[in-house]
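Q: To start, I am sharing the structure in question, which I have written as structure tokens.
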Amino acid sequence: MAEIKKIKVLYEDNHLIAVDKPSGWLVQGDRTGDRPLSDFVKAYIKKKYNKPGDVYLGVIHRLDRPVSGVVIFAKTSKALTRMNKLFQDRAIQKEYRAITAERPKPMQNTLTHYLLKDKERNIARAYDTKGNRTKDAKKSTLSYRLLQSIGMNHLLEVIPETGRPHQIRVQLSKIGCPIRGDIKYGFNKPNTDASIHLHCYRMSFIHPVKKEPIKIKARAPKDQIWGLFTDLEG
């Protein structure tokens, strides 16, 4: 049960549980066979409430493996259905923090690209326009603003309007600002722990059952680069 202690619960009620995902963890199982975050959360619930048999846990959304931060799971099928609807309706406000080595120009902007995912290579490409060769590309929009710069490190607040795979990573790379450690999208060297400096900092929404406003926040990881900044709270 030692692994359960690694779970940092940010919010929990009868319907939802939100945890702070460490970088390097899968949210849901894949072909690697590595044990995902969802299994650890199930084990936590099973132990805390002394539940017999299997524990229900619905995966609502995902973060890429090298990304850290807020992940919300559903504890009931009703909550899963209603949270899925909130995501589909873009009624979930997501805020990320990213660190880049290039200063974005302008310091604040809204980006719109068309993203095409190569499923075989698990990589996305961003295009300025949609054409015959990119007819299946999905419109992707995000806003960013520069919060603080220290030397060659630039802290950005990023708010995605859409939720495309790898969206923040590929769109920032497209404007010449790849995220630190993200060699898949153009940064020149990996982080030693295979993380990237992208963190899901806050998620806000109206609770699907209680109908009250909810804000769930996860502090940035403790490492040398994140630790440079005093403006992580935005």
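The values are calculated or read from the model by the stated rules, or taken from the named source; none is laboratory data. Since the structure is predicted, the reported quantities are computational estimates derived from the model, not experimental observations. Every residue, glycine as well, gets a Cβ built from its backbone with ideal geometry; the counts of neighbours run over all protein chains shown.
Q: Sort out which residues of region 196-224 are more than 13 Å from Ser68 (Cα to Cα) and either in contact with a Cys (Cβ under 9 Å, 6 or more places away or on another chain) or at pLDDT below 95 (or both), and write them in order of number.
A: Correct list: Gln224 only.
Q: Find the residue count for region 114-150, including only residues that are over 19 Å from Thr162 (Cβ atoms), assigned to a strand (DSSP E or B) and polar (S, T, N, Q).
A: Total satisfying the criteria: 2.
Q: Output the residue which, of all residues in region 173-196 that are among the hydroxyl-bearing types (Ser, Thr, Tyr) and out of contact with any helix residue (DSSP H, G or I) (no Cβ under 8 Å at 6 or more places or on another chain), is surrounded by the fewest Cβ atoms within 10 Å (Cβ to Cβ).
A: Step one: list which residues in region 173-196 are among the hydroxyl-bearing types (Ser, Thr, Tyr), which gives 173, 185, 192, 195.
When the remaining residues are screened for being out of contact with any helix residue (DSSP H, G or I) (no Cβ under 8 Å at 6 or more places or on another chain), the result is 192, 195.
Numbers: Thr192: 8, Ser195: 22.
Here the answer is Thr192.
Q: Residues of region 60-111 being outside any loop (DSSP other than H, G, I, E, B), without any contact (Cβ under 8 Å) to a residue 12 or more places away in the chain and over 21 Å from Val19 (Cα atoms), which ones?
A: To start, the set of residues in region 60-111 that are outside any loop (DSSP other than H, G, I, E, B) comprises 68-74, 77-88, 93-100, 108-111.
Applying the additional criterion that residues be without any contact (Cβ under 8 Å) to a residue 12 or more places away in the chain yields 81, 88.
Passing the criteria: only Gln88.
Q: For region 122-141, enumerate the residues that are surrounded by 15 or more Cβ atoms within 10 Å (Cβ to Cβ), of a type outside the set (Gly, Ala, Ser), farther than 17 Å from Asp64 by Cα and within 19 Å of the chain's Cα centre (by Cα).
A: If the condition is that a residue be surrounded by 15 or more Cβ atoms within 10 Å (Cβ to Cβ), of a type outside the set (Gly, Ala, Ser), farther than 17 Å from Asp64 by Cα and within 19 Å of the chain's Cα centre (by Cα), then Lys138, Thr141 are the ones that fit.
Q: What residue, among those in region 168-190 that are of a type in the set (Lys, Arg) and either part of a loop (DSSP other than H, G, I, E, B) or touching a Phe, Trp or Tyr at 6+ places or on another chain (Cβ under 8 Å) (or both), is nearest to Gln224 (Cα to Cα)?
A: Within region 168-190, the first condition is being of a type in the set (Lys, Arg), and the residues that meet it are 169, 174, 180, 184, 189.
Cutting the leftovers down to either part of a loop (DSSP other than H, G, I, E, B) or touching a Phe, Trp or Tyr at 6+ places or on another chain (Cβ under 8 Å) (or both) gives us 169, 180, 189.
Working: Arg169: 21, Arg180: 12, Lys189: 16 Å.
By that ranking, first place goes to Arg180.
Q: Which of (1) within 18 Å of Glu161 (Cα to Cα); (2) part of a loop (DSSP other than H, G, I, E, B) does Tyr201 not meet, given it meets every other one?
A: It fails just one condition, (2).
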